[in-house]
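The values are calculated or read from the model by the stated rules, or taken from the named source; none is laboratory data. Computed from a prediction, not measured in an experiment: that's the story for all the values here. Ideal geometry is used to build each Cβ from the backbone, glycine not excepted, and the neighbour counts take in all protein chains shown. Note: accessible area is taken over every heavy atom of the protein model, side chains too, but ligands, DNA and RNA are not part of it. Shrake-Rupley method; radii C 1.70, N 1.55, O 1.52, S 1.80 Å.
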Amino acid sequence: MAWNIARSEALADPDAARRKVLGRLQRLSELEDAELQVVNILIDAVLMAEAYRGARHQVTFLPEMTRSVDHLLRDLAILDKADELASA
């Protein structure tokens, strides 16, 4: 199951994008070490916000900071796929 929020979607209707994210995160409690993953993402979010504050250049470490989000989304996708296989 593919999941993403396009930049245009987030800019056009931020509230709908937030609801989509919240819907996706409802399965968070099923993941192993969910709290640790969330803390790592929050740390990366703070660093991203600070890096972009007044930045006039590309933030070179942005790809490294997005890895924690990618990892969480991959884990949630695995749960969804397992449910699909179990119900098939």
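May I ask you to derive the FRET efficiency for Thr60 and Arg7 from their Cβ-Cβ distance with R0 = 22 Å, giving the value to the nearest 0.05?
Efficiency, from the Cβ-Cβ distance: 0.65.
Going by alpha carbons, how many degrees (0 to 90, nearest 10) lie between the helix axis of 14-25 and the longest principal axis of the chain?
So the helix axis and the longest Cα principal axis differ by about 50 degrees.
Scan the chain for GluC sites (Glu not before Pro) in coil per DSSP, keeping those whose Cβ has at most 16 other Cβ atoms within 10 Å, and list them by number.
Those that pass, being in a loop and sparsely packed, are Glu32.
What value in Å³ per residue do you get for the convex hull of the alpha-carbon atoms in the chain?
Details: hull volume 10.3 nm³, N = 88.
Per-residue hull volume (Cα only) is 117 Å³.
Per residue, how much accessible area does region 7-87 have with a 1.4 Å probe, in Å²?
75
Quickly estimate the mean residue ellipticity at 222 nm for the chain, helices only: each DSSP H run with n ≥ 4 gives -39500 (n - 2.57), and the total goes over all residues, rounded to 500. Don't skip to the answer; put the middle values down first.
On the way: 4 runs with 63 residues, N = 88.
So the helix-based figure for the chain works out to -23500 deg cm²/dmol.
Compute the FRET efficiency between Ser29 and Leu85 as 1/(1 + (r/R0)^6), taking r as their Cβ-Cβ distance and R0 = 22 Å, and round to the nearest 0.05.
Computed FRET efficiency for Ser29 and Leu85 comes out at 0.60.
Each residue of region 36-44 in turn: what ³J(HN,Hα) in whole Hz from Karplus with 6.51, -1.76, 1.60 and θ = phi - 60°, glycine and Pro shown as x?
The phi angles translate into 5, 4, 5, 4, 4, 5, 4, 4, 5 Hz.
In the chain, what trypsin sites (Lys or Arg not before Pro) fall in a loop by DSSP, with at most 16 other Cβ atoms inside 10 Å?
Arg27, Arg53, Arg56
Counting only protein heavy atoms, what percent of the accessible surface of the chain is carbon or sulfur at a 1.4 Å probe?
The nonpolar share, carbon plus sulfur, comes to 60 percent.
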